[in-house]
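Only one structure is covered here, and it is reproduced in the block below.
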Amino acid sequence: MKRIIFIDSTWDINSQALQYALKAAKGTDTEIACVFLAADDSTETIGKAGATLDSVRENFSSEGIGISSHVVAPDAEAFMTKINGLMPASLVLIGDAAFTNEMKKAGASVEALKDKLTCPVTTADSIHAAHSEKAAPAKKTNWFVWVLYAIGSALMYGVFFPKIESLNEKLFMSGTVLGGISIMAVVAIHAWIWGNTTTILPKLFRLEK
């Protein structure tokens, strides 16, 4: 049986993070090891955390998913011992986990888990960002604007550049301030027009990624 370790400090059954874990385990031979990183080590806090995980277990069990629950106090050594004891796992998913500054200083944090564990370690925020990026609609090409740039490029190469020798003699190579400004303006305008014209070429030849 595979195992996903899910670490959270709120365990809202409707949270996006928990739904990711549910989706990853549903329909597969995968157990979810629920690790509740408690806010403190008081008896009341630990008791409430245990009751919350019992409610989560009931919801997951109704989906046919195996689940184990573990409440850990905000202590770096105890936390890492618990995580190591749950290995091997195929994935460690971190939701709204409240790693205290003391835990981070003692080597218990998202970054520490990524460095110390051999399995993939990711956060719900990272998964959400990746999904949002994939779901973002591709930017459509404004063909009318591209045609204008293409016409501009054609005029540059068909009309302007054939007269470049005459323009060099009369303006560009005159050694005047106006000549210097004209050279810079022509280079910038040509680069802008030609650059915007060629951006569409990969799509025309279906070479875009």
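The values are calculated or read from the model by the stated rules, or taken from the named source; none is laboratory data. Quantities reported herein were computed from a predicted structural model and do not represent experimental measurements. Counting neighbours? That spans all protein chains shown, and the Cβs are built from the backbone with ideal geometry, glycine included.
Mind listing whichever residues of region 17-35 are over 15 Å from SER68 (Cα atoms), small (Gly, Ala, Ser) and under 22 Å from the mean Cα position of the chain (by Cα)?
ALA17, ALA24
Do you know which residues across region 87-103 are touching a residue at least 12 places away in the same chain (Cβ under 8 Å) and either farther than 20 Å from ILE127 by Cβ or of a type in the set (Phe, Trp, Tyr) (or both)?
Once the filter is applied, which keeps residues that are touching a residue at least 12 places away in the same chain (Cβ under 8 Å) and either farther than 20 Å from ILE127 by Cβ or of a type in the set (Phe, Trp, Tyr) (or both), region 87-103 yields MET87, PRO88, PHE99, THR100, GLU102, MET103.
For region 71-106, enumerate the residues that are of a type in the set (Val, Ile, Thr), in a helix (DSSP H, G or I) and surrounded by 15 or more Cβ atoms within 10 Å (Cβ to Cβ). Even if it seems obvious, please write down each step before you answer.
So in region 71-106, the residues of a type in the set (Val, Ile, Thr) come out as 71-72, 81, 83, 92, 94, 100.
The next check asks that each one be in a helix (DSSP H, G or I); those that pass are 81, 83.
Within region 71-106, just ILE83 meets the criteria.
Scan SER109, SER68 and give me the residue that is free of Cβ contacts under 8 Å to residues at least 24 places away in the same chain, surrounded by 14 or more Cβ atoms within 10 Å (Cβ to Cβ) and assigned by TED's automatic domain parsing to the domain that holds THR10. Talk me through it step by step, then tell me what you get.
Values: SER68 fails: free of Cβ contacts under 8 Å to residues at least 24 places away in the same chain.
Of SER109, SER68, the one residue that is free of Cβ contacts under 8 Å to residues at least 24 places away in the same chain, surrounded by 14 or more Cβ atoms within 10 Å (Cβ to Cβ) and assigned by TED's automatic domain parsing to the domain that holds THR10 is SER109.
If only one of SER182, SER126 is assigned by TED's automatic domain parsing to the domain that holds SER9 and modelled with pLDDT of 75 or more, which one is it?
SER126
Confirm whether GLU58 is of a type in the set (D, E, K, R) and modelled with pLDDT under 90.
Considered against the rule, which asks whether it is of a type in the set (D, E, K, R) and modelled with pLDDT under 90, GLU58 comes out as yes.
Can you find even one residue in region 50-62 that is part of a helix (DSSP H, G or I) and among the β-branched types (Val, Ile, Thr)? Walk me through how you get there before you give the answer.
First, pick out the residues of region 50-62 that are part of a helix (DSSP H, G or I): 50-61.
Keeping just the survivors that are among the β-branched types (Val, Ile, Thr) gives 52, 56.
Yes, because at least one residue in region 50-62 is part of a helix (DSSP H, G or I) and among the β-branched types (Val, Ile, Thr).
Quick one: is GLU133 in a helix (DSSP H, G or I), at pLDDT below 75, within 30 Å of THR30 (Cα to Cα) and not polar (S, T, N, Q)? Please lay out each step first, then the result.
Numbers: in a helix (DSSP H, G or I): yes; at pLDDT below 75: yes; within 30 Å of THR30 (Cα to Cα): yes; not polar (S, T, N, Q): yes.
Yes: the conditions hold for GLU133.
Scan region 27-45 for residues that are surrounded by 14 or more Cβ atoms within 10 Å (Cβ to Cβ), without any contact (Cβ under 8 Å) to a residue 40 or more places away in the chain and either not in a helix (DSSP H, G or I) or not assigned by TED's automatic domain parsing to the domain that holds GLU58 (or both) and jot them down.
Within region 27-45, GLU31, ILE32, CYS34, PHE36, ALA38 qualify.
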